[in-house]
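FYI, it's all coordinate maths here, none of it is from the lab. What you are looking at is a predicted structure, and each value in this text was computed from that prediction instead of being measured. We place every Cβ from the backbone using ideal geometry, glycine too, and count neighbours over all the protein chains shown.
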Amino acid sequence: MGSRSASASATGLSALALVLALLPGASRADCRPDAVELRTEAGSTMRFSVEIADTPAERSRGLMHRESLPRSSGMLFLFDAPHRASFWMRNTLIPLDMIFAGPDGTVKVVHSNAVPEDLTPISGGEGIQSVLEINGGLARALGIGPGTVLRHPGLDQSLAAWPCDETPAKP
């Protein structure tokens, strides 16, 4: 009876493992809609809690009228297709770093310390599909620059340079 019980337990565990592997997001425990992870070319990794701006109204509002932003937080702007992205700081009260990335999540441009209330357009150039805004000066302090990759389930995983189903590299 003991071997049958052990066999049944092993079969049950195997079945459970298979079900968990097939569930959407089960292998993506670290890739959540409310967080973005970044990996620098030097291999450092970091995570930011993010609000998502993926509708025209959310993108227009962005981080306007906020007096502060927690250090490990930001806003991730997701676009349906790559395009020429340009932002400004109208009604934005805090300095921000804008991290512009292509469809695969590779950072192309980082604009540091955007000036609050400045109406000068800040361009990320062509082929931008996502923009991460974080506190001003933080990108430089953390080593985030062109070539850094970000991952988020909102990116097309078939194009992602760092897909959600890939285990994060250990620093």
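Couple of notes before you dig in:
- Cβ-derived FRET efficiency at R0 25 Å, S73 paired with D30, nearest 0.05: 0.90
- Computed from backbone phi, the HN-Hα couplings of segment 53-60 come to 10, 10, 10, x, 5, 5, 5, 5 Hz, rounded to whole numbers (Karplus: 6.51 cos²θ - 1.76 cosθ + 1.60, θ = phi - 60°; Gly and Pro given as x).
- Calculated on alpha-carbon atoms, Rg and Dmax of segment 22-171 in Å: 14.5, 48
- Under the convention that each Lys and Arg Cβ holds +1 and each Asp and Glu Cβ holds -1, the size of the dipole of segment 47-171 around its Cα centre is about 300 debye.
- Take the Cα of D118, step 7 Å toward its Cβ, do the same at L159, and the gap between the two points is 2.9 nm.
- For A114, nonlocal amide neighbours, meaning residues 5 or more places apart or on other chains whose placed amide H falls under 5 Å from its own, are L96, D97, M98.
- Scalar couplings 3J(HN,Hα) for segment 33-45, obtained by applying the Karplus form with A = 6.51, B = -1.76, C = 1.60 to θ = phi - 60°, are x, 9, 9, 10, 10, 10, 10, 7, 5, 7, x, 6, 10 Hz; x denotes Gly and Pro.
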